[in-house]
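Contents: one structure, followed by commentary.
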Amino acid sequence: MEEVPINHMKTKPHNRKVVIEIKLLKKSFGDQEVLKEISLDLYDGENLVILGKSGSGKSVLIKCIVGLLNADSGIIRILGQNIPDLQSKELSLIREKIGFLFQSGALYDSMTVRENLEFPLRKKKDIFTKEQVDKKVLEALNHVGLTDELDKMPAQLSGGMRKRVSLARTIVTNPLIMLYDEPTTGLDPVTSEEISMLINDVQKKYKTSSIIITHDIKCALLTADRIIMLKDGEIYKEGAPENFENSSDAYAKSFFK
């Protein structure tokens, strides 16, 4: 692995609390070793981009983090708790603190925009009144600029608008950690940039710690405090965004073509 200094980060990592800690994480499917002893940390308030081409292991990594896939071995600690050791109830409590923006958006087609955002709040109906739910839904939609689409169905929205609604649904519960799986895939360049800037807005407004999985170098450069590049299931390069822009490394340069 080519190690790159991270002195250019806005806040040096060693001054921050570790929110997610991964050590020697391995995952295989049959004879195919997808993750090869991956170790990394996510720091409090940081946007960490995991950059890699298709097949590099980045989507498997994020699914292992949230418990959608079981790792073969290794440690995944979220907020101090080791995910593989948790029972289903304990895992559910941790997941309530995590927002996951799926690549597809994963909106419920049979629900309006309003109902999609209300859905994750229904589990907390003993906490929020109807007035509070209405307020949180409007605040989240206002943050992504879609309050006028409140009563539309997902099929009536453009791809970029659906991605915004998905982001609004993710932040409506005020998660501590955000996980973004290919947030700009399938979007035109202008909309991709808008989504990238919204990721930064979420970080600032909600004080989130985020992992952003992407192969989109522009998204990576716009959102990252730090970038980890995967290649063939291993960490190939790590550093601040400018180190990637100015890199002479052939593999890193291939993302800028």
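The values are calculated or read from the model by the stated rules, or taken from the named source; none is laboratory data. As the structure is a computational prediction, the values presented were derived from the model and not from experiment. Neighbour counts are summed over all protein chains in view; Cβ atoms, including those assigned to glycine, are modelled from backbone coordinates with ideal geometry.
The table for this structure:
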read-out: Total residues in region 42-57, condition surrounded by 19 or more Cβ atoms within 10 Å (Cβ to Cβ) and closer than 17 Å to G239 by Cα; value: 9
read-out: Among the residues listed as I38, I83, I75, I62, the single one being buried (at least 23 other Cβ atoms within 10 Å of the Cβ) and in contact (Cβ under 8 Å) with a residue 12 or more places away in the chain; value: I38
read-out: Residue match in region 228-243 (condition: in contact with a Pro (Cβ under 8 Å, 6 or more places away or on another chain), touching a residue at least 12 places away in the same chain (Cβ under 8 Å) and among the hydroxyl-bearing types (S, T, Y)); value: no
read-out: Residue count, region 141-165 (criterion: surrounded by fewer than 23 Cβ atoms within 10 Å (Cβ to Cβ) and within 30 Å of E21 (Cβ to Cβ)); value: 1
read-out: Residue list for region 21-60, filter: in a loop (DSSP other than H, G, I, E, B) and touching a strand residue (DSSP E or B) at 6+ places or on another chain (Cβ under 7 Å); value: D44, G45, E46, G52, S56, G57
read-out: Scan of region 158-180 for residues that are assigned to a helix (DSSP H, G or I) and free of Cβ contacts under 8 Å to residues at least 40 places away in the same chain, ordered by number; value: G159, G160, M161, R164
read-out: Test result for P183, modelled with pLDDT of 90 or more, assigned to a loop (DSSP other than H, G, I, E, B) and more than 21 Å from L138 (Cα to Cα); value: yes
read-out: Residue ranges of helices (runs of 4 or more DSSP H) in region 61-155 with at least 1 members modelled with pLDDT under 90 and in contact with a Lys or Arg (Cβ under 8 Å, 6 or more places away or on another chain); value: 113-122, 130-143
read-out: Considering residues of region 187-208 that are in a loop (DSSP other than H, G, I, E, B) and either touching a residue at least 60 places away in the same chain (Cβ under 8 Å) or over 17 Å from A220 (Cβ atoms) (or both) only, the residue nearest to the chain's Cα centre (by Cα); value: T208
read-out: Residues located in region 53-67, provided they are over 14 Å from the mean Cα position of the chain (by Cα) and at negative phi; value: K53, S54, S56
